[in-house]
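Novice: For reference, the structure I am asking about is given below.
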């Protein structure tokens, strides 16, 4: 049987609530759904391979140079395309973190040095990572807020990382796919230089996982062009481009998202702590926690799916990640745990 290494694998089982995939609990905006319905007649045509209309809108949205923006078939597509374009001989990644970074590097015969996040520090990155960024490193990949820990990179540390990568000519890919769920996190774009690449996606914040749409902001126009020419030609579908343009008009939706996620994250954190679980601080729309119970197996009997994090490098059995969902869903999740604990 093919095994899924990520969350959201609900296809061969009966699931009522999916807490394994970290998507916006508000669901896809109605404006996006309406735009997709109206654009169906355009789907028989080839999509724009350069996403020109979408990139133009992204340029205004991000206040960033048009030529330095590249769209892809989700953020993961851009990770692989960037690694293939740079072809680093040595790279640094942190653990635990998103496994596709190491997968992309390994497939390109890259030597990987791992910066292990300390559980004693709640898995927050610290200045020790700077010591790993010497002249032999060609690429650094970090995620803020990090998946699965939910921790962001301190602004001063992020500035120093960007500067050291420039000094040692290291391409720094900063994955910010979850940063729109945070309120005061530092953005790598604040410290942009020719060695910095900022990765973003519509997947999480707009609940568009099935449409596959991501984009990257490049400090170096030449590297942007190299990545743009890498990979398949029509990487972003017409529906995805349409959805992306519509999503960028959303403002109130994002405000409601921040309010909901903050409130419900606090609710879930308190409930998990009341159960006696070790809960780690998070600034994202998901929570990492630890328990000796086989909670994922117990909750499957309740038709609830959570993310077992044992396959994350740097973690072990007992670590789980749950998405922050609506209050109704979160309450059902809490009630299910109570039933599991009470037999």
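Novice: Just give me the residues in segment 177-205 being in contact with a strand residue (DSSP E or B) (Cβ under 7 Å, 6 or more places away or on another chain), farther than 18 Å from residue 55 by Cα and in a loop (DSSP other than H, G, I, E, B), in sequence order.
Specialist: 195
Novice: Which one is surrounded by the most Cβ atoms within 10 Å (Cβ to Cβ), of the residues in segment 17-38 that are touching a residue at least 40 places away in the same chain (Cβ under 8 Å) and in a helix (DSSP H, G or I)? Working first, answer last.
Specialist: Taking segment 17-38 as the starting set, the residues that turn out to be touching a residue at least 40 places away in the same chain (Cβ under 8 Å) are 17-29, 31-32, 34-36.
Still in the running and in a helix (DSSP H, G or I): 31-32, 34-36.
On the way: 31: 14, 32: 25, 34: 11, 35: 18, 36: 19.
Checking each candidate, the answer is 32.
Novice: How many residues does segment 57-99 hold that are within 12 Å of residue 218 (Cβ to Cβ), touching a residue at least 40 places away in the same chain (Cβ under 8 Å) and out of contact with any strand residue (DSSP E or B) (no Cβ under 7 Å at 6 or more places or on another chain)?
Specialist: Result for segment 57-99: 3.
Novice: Considering each residue of segment 300-335, count those that are in contact (Cβ under 8 Å) with a residue 60 or more places away in the chain and in a helix (DSSP H, G or I), and give that number.
Specialist: Number of matching residues: 7.
Bear in mind these aren't lab numbers, they're just calculated from the coordinates by the rules spelled out. Because the structure is predicted, anything quoted here is derived from the model rather than measured. Every residue, glycine among them, receives a Cβ derived from its backbone with ideal geometry; neighbour counts consider all protein chains shown.
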